[in-house]
1. Probe 1.4 Å, all protein chains in place: accessible area of GLU112 in Å², nearest 10?
2. Points 7 angstrom from Cα along the Cβ direction at LEU148 and ASP36: gap in nanometres?
3. Keeping every protein chain in place, order VAL133, VAL157 by accessible area at 1.4 Å, biggest value first, i.e. largest first.
4. Over the alpha-carbon set of region 93-183, work out the extent along each principal axis and list the three values in angstrom, largest first.
5. Please report the accessible area of PHE171 (heavy atoms, 1.4 Å probe, ligands and nucleic acids excluded) in Å², nearest 10.
6. Which percent of Cα-Cα pairs in region 33-93 sits in each 5 Å bin, short to long?
7. Got a sec? Which residues in region 61-90 would a label at VAL121 touch, if it sits 7 Å along Cα→Cβ and we count backbone N under 20 Å?
8. From the Cα gyration tensor of region 122-168, with a ≥ b ≥ c the square roots of its eigenvalues, which class applies: rounded if a/c is under 1.5, or else prolate if a/b is larger than b/c, or else oblate?
Amino acid sequence: MNQMFKKASSVLTAVVCAASITFSGASLVLADGEIDDQTKTTIETTAEGLTETIIPLTDEQIEAYMESGDDFTENAMTAWNGAKEELGDMKETGSVEISNDEYTATVPVTFEKEDAEFIYVFDKNLTPTSLSVDVKYSFATTMKNAALNTVMGLGTVFVILIMLIFLISLFQFIPGSGAQEAK
């Protein structure tokens, strides 16, 4: 198991390094501010490849990548680890959307439980610098969470009121508090 994990991590690291070296010399933007076709294709391919590589990782592999020392890898593993349990198994990925500001690529992914968007930010060398996983909750899930928050808030207020009543009832045992004179 440990040897298989080492092989898988070595392959993923080699792919990321090769992609970084390959894309570092790519042309960036045209004079009018739009992304050229080669840059767009490079960003789409990198975003899709990273998404398809990150999703099937096991918990042990995620923990190992979190200790890699690479900022992007640690950021990506933290983002994916935080959203992984809420999403379930992957069904399909959608087409990549790219915006001109900071080379942002959005990869929509459909999962069993909820949908999500993997949002990548690339630097001027087309190296990914950050990843965020944005879970798109359904209306039913949002309403369920709102109801649970309301019930927990009311329960907290009820418990605090009971504690205050108990605390006030203990005033009778404090000498000179006035509670004993009232009797």
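The values are calculated or read from the model by the stated rules, or taken from the named source; none is laboratory data. The shown structure was predicted, so the numbers you read here are calculated from the model rather than taken from an experiment. Backbone-built Cβ (ideal geometry, glycine too); neighbour counts: all protein chains shown. We work out accessible area using only protein heavy atoms, side chains counted, and drop any ligands, DNA or RNA first. Shrake-Rupley method; radii C 1.70, N 1.55, O 1.52, S 1.80 Å.
1. For GLU112, the solvent-accessible surface is approximately 110 Å².
2. 5.0 nm
3. Largest accessible area first, the list is VAL157, VAL133.
4. The principal-axis extents, from largest down, are 80, 32, 17 Å.
5. Here the residue's solvent-accessible area equals roughly 100 Å².
6. Each 5 Å bin holds this share of Cα pairs: 3, 16, 23, 21, 15, 11, 7, 3, 0.
7. Correct set: 69-83.
8. Taking the square roots of the gyration eigenvalues as a ≥ b ≥ c, region 122-168 is oblate.
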